[in-house]
1. Gain in length, Phe156 to Tyr185, computed as 0.36 nm per residue apart minus the alpha-carbon separation, to one decimal in nm?
2. Could you list Val206, Val163, Val28 so that the one with the fewest beta carbons within 10 Å of its beta carbon is first and the one with the most is last?
3. Expected output is a single nm value to one decimal: the length gained when fully extending between Ala75 and Leu8, i.e. 0.36 nm times separation in residues minus the C-alpha distance. What is it?
4. So if each residue of separation counts as 0.36 nm, and I subtract the Cα-Cα distance between Ser164 and Trp192, what length gain in nm does that give?
5. Peptides 36-42, 5-11, 150-156, 53-59: what's the order by average Cβ count within 10 Å, highest mean first?
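What follows is calculated from the coordinates using simple rules that are stated; it is not laboratory data. These figures come from a predicted structure and were not determined experimentally. Reconstructed Cβ throughout: ideal geometry from the backbone, glycine too, with neighbour counts over all protein chains shown.
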Amino acid sequence: MDYLFSGLTVAALVLVAAMSPGPDFLIVIRHALAKGRRAGIYTAWGIAAGIFVHVGYAMVGLSVLIAQSEFAFNAVKWLGAAYLLYMGVMALRSKGWSIDDVGAEAENSHLSRAKSGRTMFLRGFITNVLNPKATLFFLALFTQVIDPATPRLVQFGYGVICVSTAGLWFTFVSYALTQRRVRGYFTRASVWIDRITGVGFIALAVKLALSKAVERIPA
């Protein structure tokens with residue numbers, strides 16, 4: 001397997017997933033618009049820390065499946081592809097979203113009160129960790145790039161890519177949304193952001209449909 005290509009695939013799909021509207025994106029928007037750039041950045045890296053938890057669960061679970069049952073691993077792989085296909089179709093059907101509406105809501109909520117960086121970080125972390133869709137996404141993603149021959153160090157590298165990609169993206173969002181002119185660009189581009197997300201997920205699902213079942217390496 002070309003690990004470099006797989007790493008780039010992981011980064012691209014994590015990026016388009018982070019760009020789509022969801023709990024993580026919304027909480028970064030709310031904190032950045034209501035309390036400023038620094039609050040948004042703390043939230044961004046809280047989300048990244050939460051992603052590391054999901055990555056850990058996914059890696060351990062897949063390692064067990066690979067070791068115990070070739071059939072179970074391939075079954076999870078196909079279920080993951082079906083989930084990515086579903087996410088892709090839903091994203092393509094999206095009609096976009098409005099950052100201004102989210103900002104207005106934030107300014108009238110309890111998030112408008114002064115909060116410490118630690119609180120912002122924890123809010124981002126908890127929002128991500130308690131999102132079951134994040135667990136499903138990373139499990140689905142890793143079944144596409146991990147096989148029994150993938151070294152543990154490479155698997156860890158995929159995890160680092162996931163965490164850093166999401167953290168850097170949401171940091172960029174925090175910077176961008178504190179620039180008044182950029183807010184409008186995000187809103188106008190929202191439909192195309194969803195389209196890109198949908199195409200990425202569907203492409204990965206199709207790639208799986210054309211691939212062979214994974215065979216375990218004898219111990």
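1. Length gained between Phe156 and Tyr185: 6.9 nm.
2. Val206, Val163, Val28
3. Roughly 21.6 nm would be gained on extension.
4. 7.7 nm
5. 36-42, 53-59, 5-11, 150-156
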